[in-house]
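Computed from the coordinates by the stated procedures, all read-outs in this text should not be read as laboratory data. Please read these numbers as outputs of a predicted model, since none were measured by experiment. Neighbour counts run over all protein chains shown; Cβ positions are idealised from the backbone, glycine included.
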Amino acid sequence: MSKVLIIGAAGQIGSELTQKLREIHGNDNVVASDINRSNTQVVNSGLFETLDAKDFDAVKRCIEKYNIDTVYLMAAMLSATGEKHPMMAWDLNMNSLFHVLNLAKEGLIKKIFWPSSIAVFGPTTPSVETPQHTIMEPTTVYGITKQVGERWCEYFHKQYGVDVRSLRYPGIISWKTMPGGGTTDYAVEIYHKAITHKNYECFLSENTELPMMFMDDAIKATTSIMQAPSEAIKIRSSYNLAAISFTPEHIATSIKKHIPDFEISYNPDFRQNIADSWPKSIDDSSARSDWNWKHDYNLEQLTKEMIFQLEKKYSSSEKVS
Ligand code: AKB
């Protein structure tokens, strides 16, 4: 039976991953941790520790306290916030990774999941059906940390046999926890604003196409790669991962099928340059053939689910207030 630690469990992906891992491994075998206790659902639904991912001694103590053998390192500063605080992004994203890689090298933990991102690609990368192995010249600090992190993951696997597994997440769309500080965040905000205000001012232009994925698919990919036999994981830097690609205009059209009076306007800001440097679509055939990755949700299914869940959420919070 695995003993699992999630670092950064209060975030958009961490919170839903925690819930799924508690279902798989049992509440007593999953420790959620984050630097703050603000996500009460995560804090109150099982074991929880306040933990700074940058603090090596604290991470080690937590791993020893619970006899942890598997770590999901979800703490990171994303692309948009990283541009405002480049050194902080470097510090958090790199040092937290070194800590868990070194603890695995010491033999304290057996398995690591570490998320990479489409941000590893840059303006010189082929942008349509971006291959697994290609030119990678990221322009954001976040992208640089993810690219360097991928190199270190592969290095620790080859040199020290560390079982580290990674996915290059696209933009993730979900309704439970808001994303924070990313360039793809518009694709979540738009659903909230469609329901609460029937309009949305988008910080990307109408034809900006980016790779995206519904949260359920992202969680499925994460648990699948971690459950796959070690020999199936042939890429130890990070796997390309894809589901759908769309523009703000496409998502607005999809929302209008459910909310006909929804209106979108465009006011691109600094995040436009980041989005323009990223791929439009991703070739994830290695993930599909190596460990049988397959996505479930297309844009229409995702929109239907987002609107259904958010309408329920907002109407129940109105009843409470
Ligand atoms: C971001 O927009 O920074 C993230 C990502 C694509 O990794 N959502």
Through the Karplus equation 6.51 cos²θ - 1.76 cosθ + 1.60, θ set to phi - 60°, convert the phi angles of the stretch 62-68 into ³J(HN,Hα) values in whole Hz; use x for Gly and Pro. 5, 5, 6, 4, 9, 6, 5
To the nearest 20 debye, what is the magnitude of the charge dipole of the chain about its Cα centre, counting +1 on the Cβ of each Lys and Arg and -1 on the Cβ of each Asp and Glu? 700 debye
Counting Lys and Arg as +1 and Asp and Glu as -1 over every other residue whose Cβ sits under 13 Å from the Cβ of THR139, the net charge comes to -1
Where Lys and Arg each count +1 and Asp and Glu each count -1, what net charge lies around ALA119 among other residues with Cβ under 10 Å from its Cβ? +2
As a Kirkwood estimate from alpha-carbon pairs, the stretch 162-286 has a hydrodynamic radius in angstrom of 15.8 Å
Farthest towards the positive end of the dipole of the stretch 238-321, among ALA243, TYR297, GLN272 and with Cβ unit charges of +1 on Lys and Arg and -1 on Asp and Glu, lies the Cα of TYR297
Peptides 236-243, 86-93: what's the order by average Cβ count within 10 Å, highest mean first? 236-243, 86-93
Given the peptides 171-180, 55-64, arrange them by the average over their residues of other C-beta atoms within 10 Å, most packed first. 171-180, 55-64
Separation of the stretch 186-256 and the stretch 15-73 by C-alpha centroid, Å? 25 Å
Using a 10 Å cut-off on Cβ atoms, rank the peptides 73-82, 224-233 from the highest mean neighbour count down. 73-82, 224-233
Compute the relative contact order of the stretch 191-321 as a whole-number percentage, counting only Cα pairs closer than 8 Å that sit 6 or more residues apart in sequence. 41 percent
Report the local net charge at PHE246: Lys and Arg +1, Asp and Glu -1, summed over other residues whose C-beta lies under 12 Å from its C-beta. -3
Check each of the GluC sites (Glu not before Pro) in the stretch 77-139 and keep only those in coil by DSSP with at most 12 other C-beta atoms within 10 angstrom; list them in order. GLU106
